[in-house]
Amino acid sequence: MNGARLLYGIYALVLAMLVVIVPLTTHSAGSRAIAGWTALIEPGPLSPAHASLRRNCETCHTPHQGVEAQKCITCHIQTDFGTKASTRFHAKAKECTSCHVEHDGGASLARMDHEALLDPDLWRGPLRTRDVRISKTHAETTDALNCISCHAARDRHQGSFGKDCQDCHTLVDWKIDAFRHPSVNSGQCAECHKAPPSHFMMHFEMVSQRVARERAPVNQCAACHTTDSWNNIRNLGLYDHH
C-alpha cells in the first residue's frame, strides 16, 4: 500500500511540474528555459521560412494572447506589399493568421482566402462591392468582391472587357475552361486586343511593317501576327525587336 502511495505521489509531483512549474518557468524566463519541453506541445512543424523559430515560441506567441499581428509586422516590416497591386491589401490587414497558418509544415502559408476579405473583423479597405460579411456560396463571394481594386495594375484586356471580372473568371482559377481562341486566320483580333503605342507612331511604318513585309493597317493584326506568340511574325518566325 505504501508503495502505491509513493508511486501516486511521484505521479502527482511530475504532473505538478508539467502543469504548474513548467508554465511558470517558461512564462517568466522564455520558452528556452526548459530544454526540449516545446516538443511535447508543438502541434506540427513550422514552415521552412519559420523553422529557425521553433525553439523560441515567444517570437510569435504572447502568453494568454496567442499569436499577435504586431509580432508578424515587426519581422516583416521591410516587406514591400505596396508594389504589387494584388498584395496591397496586406497593408490593411488586421489579422495575419486568417490566411497564414503555421505548424502545418507550410502547406497553407501562401494560401489566398478571398472570403476572408469580406469579413470586416479581419480586413478593411475598398475590397467589397456591397456591404456583406462572409458570403455563403462561391458565386456570392465572387460577386461581392471588387476584383479591380487589387488586380487593376495588370489588366491584360487593356480595358476592353470592363471591370466586371467575375463575368468570366472565378476565384479558383483565372483560366476559362470554355474559352477557345479564334483561328489564326481570324480577322477579328482587334475586338479583344489593342495595338501597342508604337503601332500608332512612325515606328510602325518604319520598323514593324517593314519587318513583316506587310502594309496592313493597325487593326489587321492577323496580317503580321500569329496566335501562339505576338513575336511570331508570319513568314518570318520569332522576332525580338528590342
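The values are calculated or read from the model by the stated rules, or taken from the named source; none is laboratory data. All values derive from a computational prediction rather than experimental measurement. Cβ placement follows ideal geometry from the backbone for every residue including glycine, while neighbour counts extend to all protein chains displayed.
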Exercise for the section: Evaluate the following for residue 128: is it more than 30 Å from residue 228 (Cβ to Cβ), surrounded by 16 or more Cβ atoms within 10 Å (Cβ to Cβ), at pLDDT below 75 and of a type in the set (Lys, Arg)? Expected result: yes
Practice task
Give just the number: which of (1) polar (S, T, N, Q); (2) modelled with pLDDT under 75; (3) within 25 Å of residue 116 (Cα to Cα) does residue 79 not satisfy?
Solution key: (2)
Problem - Residue ID - surrounded by the most Cβ atoms within 10 Å (Cβ to Cβ), chosen from residues in segment 156-195 that are charged (D, E, K, R) and farther than 26 Å from residue 220 by Cβ - result: 163
Exercise for the section: Select, from 116, 91, 51, the only residue that is in a helix (DSSP H, G or I), modelled with pLDDT of 75 or more and of a type in the set (Gly, Ala, Ser). Expected result: 51
Practice task
Could you please let me know if residue 151 is in contact with a Cys (Cβ under 9 Å, 6 or more places away or on another chain) and surrounded by 12 or more Cβ atoms within 10 Å (Cβ to Cβ)?
Solution key: yes
Practice task
Could you please find all residues in segment 198-217 being in a loop (DSSP other than H, G, I, E, B) and surrounded by 15 or more Cβ atoms within 10 Å (Cβ to Cβ)?
Solution key: 214
Handout entry: Top-ranked residue in segment 43-60 [being surrounded by 14 or more Cβ atoms within 10 Å (Cβ to Cβ) and either touching a residue at least 60 places away in the same chain (Cβ under 8 Å) or not charged (D, E, K, R) (or both); ranked as nearest to residue 107 (Cα to Cα)]
Key = 47
